[in-house]
Amino acid sequence: MVALGGAIGTGAREAISLAIPPVGGVPVAILGINVVGAFLLGLLLESLLRRGPDAGRRRDLRLFLGTGVLGGFTTYSALAADSSVLLIEGSALVGVLYAVGSVVLGALASWGGVVLARRIGGGRS
């Protein structure tokens, strides 16, 4: 399940990154992919948690969608490589801002997904 989901997520990431070129040398596709993926992972995991223990169908969904699809879709290695290329090419400030901004935006997006799942599920935000 994880391998199948990973193939789907990786394929989607590659298609998006090929379709959206860098803007001013900044790989915005990977930034967007990681932020959207973080949001969806927060939403998924909180939604599954609210439905009960991590067993049976919920566990299968977490492994397929969370670990597989979203794990393949998002990519820390591309973030690290893209940041280092920006640093090496003399864009130190842009490279640092890209790396730090990606992590901060990803954390905020994940939090947003959790909050949305809680609101949809009727819990506290």
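Among the residues of this structure, ARG13 does not count as one that is outside any loop (DSSP other than H, G, I, E, B) and more than 30 Å from GLU89 (Cβ to Cβ). Scan region 18-36 for residues that are touching a residue at least 40 places away in the same chain (Cβ under 8 Å) and part of a helix (DSSP H, G or I) and the total you get is 6.
Of the residues GLY90, GLY56, GLY72, GLY66, the single one that is surrounded by 17 or more Cβ atoms within 10 Å (Cβ to Cβ) and either over 21 Å from TRP111 (Cα atoms) or in contact with a Leu (Cβ under 9 Å, 6 or more places away or on another chain) (or both) is GLY66. Does region 43-53 contain any residue that is of a type in the set (A, V, I, L, M, F, W, C), in a helix (DSSP H, G or I), more than 25 Å from ARG119 (Cα to Cα) and modelled with pLDDT of 95 or more? The answer is no; no qualifying residue exists. State whether one or more residues within region 35-47 are surrounded by fewer than 17 Cβ atoms within 10 Å (Cβ to Cβ) and at negative phi. Looking for residues that are surrounded by fewer than 17 Cβ atoms within 10 Å (Cβ to Cβ) and at negative phi, one finds none in region 35-47, hence no.
The values are calculated or read from the model by the stated rules, or taken from the named source; none is laboratory data. All values reported here derive from a predicted model rather than from experimental measurement. Cβ coordinates were reconstructed from backbone atoms using ideal geometry, including for glycine residues, and neighbour counts include every protein chain displayed.
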